[in-house]
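Quick note: the coordinates plus some simple rules give every number you see, no bench work behind them. Computed from a prediction, not measured in an experiment: that's the story for all the values here. Cβ atoms come from the backbone with ideal geometry, glycine included; neighbour counts cover every protein chain shown.
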Amino acid sequence: MNQKRILFTGGGTAGHVIVNLALIPEFQKQGYQIDYIGSYEGIERNLIESLNDVTYHGISTGKLRRYMSKENFKDPFKVLKGLYQSLRIINKRKPQVVFSKGGFVSVPVVAAAKLKKVPAIIHESDYTPGLANKLSFPFAEKVLATFPETMKYLPETKGKYIGAVVREELFEGDRSAGLRFCGFSSTKPVILVMGGSTGSKKINDSIRGNLDELLQEVQIVHLCGKGHKDDSINRTGYAQFEYVNEELKDLFAACDYIISRAGSNAIFEFLALRKPMLLIPLSRQASRGDQILNADSFVKQGYALKLEEEELDSTALLKKVKQLMEEKTKLLENMTSYENRKTKQQVIDLIQQSEK
């Protein structure tokens, strides 16, 4: 009997990798051989190559921009090269199924799977599908949605609402270990500030510009993004890191509140962990507006507060942080109705049912 193989793909941001990181160990436990197709130098390469027994394959990828750029003339050739590379990898590794989390690297992979008659499943995290996933829909067997509202944007015969897949290890954090890691005391509440995998200069500047007022009430652990650490700041109750991996679960356990962008995977993790959150979504000028819709959905359900980036100044930030602390009990009560621990197993079952 041939050993079972599954091929994962997705990249460009950490959000296009997190669900794969949650699923890969589960398939390894069942004896699957794991392959992963990502870009040559994307964030997914570092995240996946840190895992044991996963074979990483880098391919060429184009961005497929919606706006005019001279790069638009080069990108179709990069995508075609990526398609050729994906066909060769699938032909050699012979996976029974492909699972895609999106990002532009995934488009040639899902297309190649279709050409090689390998079933592909797409997981769409955001409220509205991104361009890469839209382009991949015709080649996929199923498209799984995180938000119930997303179903109206998916192909009727392929779409299925499944919910969010959360990494199980995040529930294993140690509050004391998190406090020690930051050098914090246990007597003041902790706010965890995150600006996405690449960090947010505007959020970073706003937090640092209000440290005097904020540190009177709380301690702050600040994940500021690569290259955004400010070593000139040395304050009691303020700890900053470019990025954390192993310690993240302990930081989640240690924090009482979260200030964050509104990427879907991240905010569903905060929800599963029951963390009151203030969301500052990417503006429409810097994105397609998906984070705004994600945040609006959470505000409507009573899970979060929202602050538009255009309104982010000292007064607005301090006012929202105060409101977040005042409404903690209400937000926690609303979160208790949410249950997602079964979602991961449902996704695994659907993947296995699709194997050729």
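Residues whose amide H falls under 5 Å from that of I220, counting only those 5 or more places apart or on a different chain, are I191, Y238, A239, with hydrogens built in the peptide plane.
Adding -39500 (n - 2.57) for every DSSP H run of four residues or longer, then dividing by how many residues the chain holds, sets the calculated 222 nm ellipticity at -11500 deg cm²/dmol. Here the Gaussian network model covers the chain, with springs between Cα atoms less than 10 Å apart; of T187, T150, T55, T187 fluctuates the most. Near L83, once Lys and Arg are set to +1 and Asp and Glu to -1 for all other residues with Cβ below 13 Å from its Cβ, the sum equals +4.
Over every Cα atom in the chain, the radius of gyration and the widest Cα-Cα span, Dmax, amount to 20.6, 65 Å. For K306, the lysines whose Cα falls under 22 Å of its own Cα, not counting residues fewer than eight places away in the same chain, are K201, K202, K275, K319, K320, K322, K328, K330. Value of Rg to Rh for region 172-335, rounded to two decimals, is 0.93; Kirkwood radius and Rg both from alpha-carbon coordinates. Counting neighbouring beta carbons within 10 Å and listing from fewest to most, the residues Y338, Y238 come out as Y338, Y238.
Estimated from the Cβ-Cβ distance and a Förster radius of 30 angstrom, the FRET efficiency linking R284 and T187 is about 0.15. For a straight C-alpha distance cut-off of 23 angstrom, the lysines reachable from K4 (same-chain residues fewer than eight places away being disregarded) are K29, K92, K94, K101, K114, K116, K117, K142, K344, K356. Under the membrane-span-like helix rule (DSSP H runs whose alpha carbons stretch at least 24 Å along the helix axis, mean Kyte-Doolittle hydropathy -1.0 or higher), the chain yields 75-93.
Would you mind getting me the FRET efficiency between K92 and T157? Use the beta-carbon distance for r and R0 = 30 Å, nearest 0.05. The partial results should precede the final answer.
Details: r = 31 Å, r/R0 = 1.04.
The value I calculate is 0.45.
Rg and Dmax of region 133-181, based on Cα coordinates, read 17.3, 51 Å.
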